[in-house]
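The values are calculated or read from the model by the stated rules, or taken from the named source; none is laboratory data. In this text the structure is predicted, and so the values were computed from the model without any measurement. Glycine also receives a Cβ, built like all others from the backbone with ideal geometry; neighbour counts cover every protein chain displayed. These accessible areas exclude ligands, DNA and RNA; they are computed on the full protein's heavy atoms, side chains included. Shrake-Rupley method; radii C 1.70, N 1.55, O 1.52, S 1.80 Å.
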Amino acid sequence: MAILKTVESKFFQTEIPYKPMGKYVHFLTIRITESYPLFQTDAELNKARVRAGVKDKTTISRLSMFKRKQSTPERLVGRELLRNYGLMTAEECEYNVNFAMDNPDCIIYGFAIGDSGSEKSKVVVDTAFSITAFDESHETFTLNAPYENGTMASKGENGSKPGEVTSRINQQDHIRPQVFFPSIVTLKDPTEASFLYVFNNILRTRHYGAQTTRTGRVRNELIGVVFADGEITSNLRWTQTIYDQMKSNNTINPPDPLDEDDVITAAKNAIEALMADEFIVHTDFIGDAFVSLINEVKTLTGSEKGIQAILQKADAEAKDYAKKHISKKKTTAKAGKE
């Protein structure tokens with residue numbers, strides 16, 4: 001029985017297929033920083049030197065949000081929900097330690113356990129880039145570690161000299177609030193349940209970047225979904241097209257942050273222009289066409305009955321897939337060893 005009323009069933013697979021069947025759904029997402037997150041490797045913010053736009057040939061440095069910085073927090077949110085509603089336990093499936101291999105997280109997002117088996121992710125996420133340049137999108141903070149009295153001056157703790165100022169000071173680059181990262185999340189061969197599972201994970205995820213920090217607040221604004229029989233444009237080209245449109249409209253005025261309404265408008269116009277140049281079969285839910293769909297999804301995921309129905313259906317599909325395909329692979333591998 002179908003859960004959604006706003007999307008035709010022809011866009012979905014009836015079950016999770018073992019081999020690629022050429023159906024794709026692309027979630028068009030704008031990731032908006034709302035605090036000071038860290039997207040870094042080796043203590044430095046990730047960045048790339050690229051062209052500012054498709055038309056604007058100026059070379060600039062942009063902040064980069066690597067693919068795992070996006071997909072990992074989203075799948076962890078999904079795993080939380082599965083545990084919360086009793087469809088998975090922490091003991092039977094521990095992320096990157098001991099995968100159960102038969103739940104929605106493992107089957108949709110994939111896993112690899114050496115000789116025990118692997119499953120390729122059906123969720124494809126590429127590196128996202130900030131619309132604005134690196135210099136306008138980050139700032140350096142000086143961090144300190146005060147004593148319990150709230151000051152940097154010692155009161156004689158641990159044999160230190162009273163009045164001595166601590167040297168526990170460090171500097172760290174942080175991404176500023178209201179920096180925008182256009183990102184396309186692709187789900188291959190979606191069933192209705194896996195579509196809603198991934199959709200919900202994107203909507204619910206609120207923190208990205210270094211997990212050891214207390215910051216990292218990011219909001220995901222979905223502006224549409226595209227059902228297609230192939231891949232569509234890249235995050236970089238979408239970002240560059242947005243930049244061109246905003247520059248031509250004089251809505252990029254550094255050091256002022258970008259206006260969210262201007263970004264959303266430019267993002268919709270840019271993706272519509274890019275999709276018009278595609279040579280694949282596609283059906284776009286963008287702008288007004290997307291409103292009824294996202295409202296229905298939010299209504300479903302906003303009620304306990306609705307989210308349970310999604311998770312239970314996704315779990316049943318995952319277990320059916322695992323029984324048919326993963327158990328067979330495990331048996332074959334075991335026989336090979338003997």
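Would you mind finding the one in F181, F227, F195 that is in contact with a Lys or Arg (Cβ under 7 Å, 6 or more places away or on another chain), modelled with pLDDT of 95 or more and of a type outside the set (G, A, S)? Explain how you work it out, then say what you get.
Values: F227 fails: in contact with a Lys or Arg (Cβ under 7 Å, 6 or more places away or on another chain); F195 fails: in contact with a Lys or Arg (Cβ under 7 Å, 6 or more places away or on another chain).
The match here is F181.
Restricting attention to segment 92-117, and to residues there that are aliphatic (A, V, I, L, M) and at pLDDT 90 or above, which single residue is nearest to T191 (Cα to Cα)?
Initially, segment 92-117 is screened for residues aliphatic (A, V, I, L, M), giving 97, 100-101, 107-108, 112-113.
With at pLDDT 90 or above added as a condition, the list becomes 100-101, 107-108.
Details: A100: 21, M101: 18, I107: 12, I108: 10 Å.
This residue is I108.
With the requirement that a residue be open to solvent by 80 Å² or more (accessible area, probe 1.4 Å) and either within 22 Å of the chain's Cα centre (by Cα) or free of Cβ contacts under 8 Å to residues at least 60 places away in the same chain (or both), what does segment 254-264 give you?
D256, D261
Taking the condition more than 28 Å from M1 (Cβ to Cβ), modelled with pLDDT of 95 or more, aromatic (F, W, Y) and open to solvent by less than 50 Å² (accessible area, probe 1.4 Å), does Y321 pass? Quick ask: steps written out before the conclusion?
Working: more than 28 Å from M1 (Cβ to Cβ): no; modelled with pLDDT of 95 or more: yes; aromatic (F, W, Y): yes; open to solvent by less than 50 Å² (accessible area, probe 1.4 Å): yes.
Against the criterion (more than 28 Å from M1 (Cβ to Cβ), modelled with pLDDT of 95 or more, aromatic (F, W, Y) and open to solvent by less than 50 Å² (accessible area, probe 1.4 Å)), Y321 does not qualify.
List every residue pair whose Cβ atoms sit under 7 Å apart, with the two residues 6 or more apart in sequence or on different chains, where the first one lies in segment 80-105 and is over 17 Å from S194 (Cβ atoms) and the second, anywhere, is polar (S, T, N, Q).
Within 7 Å, the pairs are R83/T89; C93/N103.
The rows are residues; the columns are (1) acidic (D, E); (2) in contact (Cβ under 8 Å) with a residue 24 or more places away in the chain.
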site	(1), (2)
F12	no, yes
E15	yes, yes
Q40	no, yes
K57	no, no
L63	no, yes
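Inspect segment 129-137 for any residue being hydroxyl-bearing (S, T, Y), open to solvent by 30 Å² or more (accessible area, probe 1.4 Å) and either closer than 25 Å to N235 by Cβ or at pLDDT 85 or above (or both) and give the result as yes or no.
no
Looking only at segment 1-47, which residues are at pLDDT below 95 and among the aliphatic types (A, V, I, L, M)?
Answer for segment 1-47, where residues must be at pLDDT below 95 and among the aliphatic types (A, V, I, L, M): M1, A2, I3, L38, A43, L45.
Pairs, please: C-beta under 7 Å, at least 6 apart or cross-chain, first residue on the phi < 0 side of the Ramachandran plot and in segment 280-303, second assigned to a loop (DSSP other than H, G, I, E, B) and among the charged types (D, E, K, R)?
Close Cβ pairs (under 7 Å, with a partner that is assigned to a loop (DSSP other than H, G, I, E, B) and among the charged types (D, E, K, R)) amount to I280/D229; V281/D229; E296/K5.
Which of the residues that make up segment 230-253 are open to solvent by 20 Å² or more (accessible area, probe 1.4 Å) and closer than 19 Å to F199 by Cα?
E231, I232
Look at segment 76-115 and say how many of its residues are open to solvent by less than 20 Å² (accessible area, probe 1.4 Å) and assigned to a helix (DSSP H, G or I).
Final tally of qualifying residues: 10.
With the structure loaded, tell me whether I60 is over 16 Å from the mean Cα position of the chain (by Cα), among the hydrophobic types (A, V, I, L, M, F, W, C), surrounded by fewer than 21 Cβ atoms within 10 Å (Cβ to Cβ) and not in a loop (DSSP other than H, G, I, E, B) or whether it fails that test.
For I60, the condition - over 16 Å from the mean Cα position of the chain (by Cα), among the hydrophobic types (A, V, I, L, M, F, W, C), surrounded by fewer than 21 Cβ atoms within 10 Å (Cβ to Cβ) and not in a loop (DSSP other than H, G, I, E, B) - is met.
Which residue is farthest from I223 (Cα to Cα), if the candidates are limited to segment 1-53 and must be in contact with a Pro (Cβ under 9 Å, 6 or more places away or on another chain), open to solvent by 30 Å² or more (accessible area, probe 1.4 Å) and part of a strand (DSSP E or B)?
Result: Q13.
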